[in-house]
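What follows is one structure encoded as structure tokens, with my remarks underneath.
Quick note: the coordinates plus some simple rules give every number you see, no bench work behind them. Note that the structure is predicted; figures quoted are calculated from it, not measured. Heads up, the Cβs are rebuilt from the backbone with ideal geometry, glycines too, and the neighbour counts pull from every protein chain shown.
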């Protein structure tokens, strides 16, 4: 099986897991393969994985989103731009039906602890505030994450 065919197979597995809200870690070979593919997609967008200078970001409509970012984190379920709250300049809102995620202490419960808060930009792009650790990516608690496909380099 070609590398491209293996990547397609892993992408389908990832999509199936996401549809079922099952964010379990992938096997070692699948994880490495899909992370390489995600890393190439980020490189194609011109986003440094670990910026050494300030890199302002805009939403896809050109409006400012962030003054810079910390890193691009590549996990089994995609690449995400990691930001501190102080770097985000765009207003965010809690989408309908997601306010329950703001309840204190949910990240500490034994059964299905809360992992993130769900916020949105004015364009409806998901922004996650990490509240708990996960095994499938190196997300940091209290940092915000957005897909690199929801933003672009600001002019």
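Couple of notes before you dig in:
- Estimated inter-spin distance, residue 126 and residue 154, nm [label 7 Å along Cα→Cβ]: 2.5
- Seen from every direction in turn and averaged, the convex hull around the alpha carbons of the chain projects onto 10.0 nm².
- Length released on extending from residue 43 to residue 142, taking residue separation times 0.36 nm less the Cα-Cα span: 33.1 nm
- Among 70, 117, 36: highest mean-square fluctuation, GNM of the chain, C-alpha pairs under 10 Å: 36
- Among 35, 135, 22: highest mean-square fluctuation, GNM of the chain, C-alpha pairs under 10 Å: 22
- Extension reserve of the residue 103-residue 11 stretch, reckoned as 0.36 nm per residue once the Cα distance is removed: 29.8 nm
- Among 153, 83, a tally of other beta-carbon atoms within 10 Å of each Cβ gives an order, fewest to most, of 153, 83.
- Computed [θ] at 222 nm, helices only, for the chain once each DSSP H run of length n ≥ 4 contributes -39500 (n - 2.57): -7500 deg cm²/dmol
- Pair residue 1, residue 18: separation of 7 Å Cα→Cβ label points (nm): 1.9
- Of 55, 72, 127, the one that fluctuates the most in a GNM where the chain has Cα springs shorter than 10 Å: 55
- Average Cα contact separation per residue, segment 3-153, under 8 Å, 6 or more apart, as relative contact order %: 22
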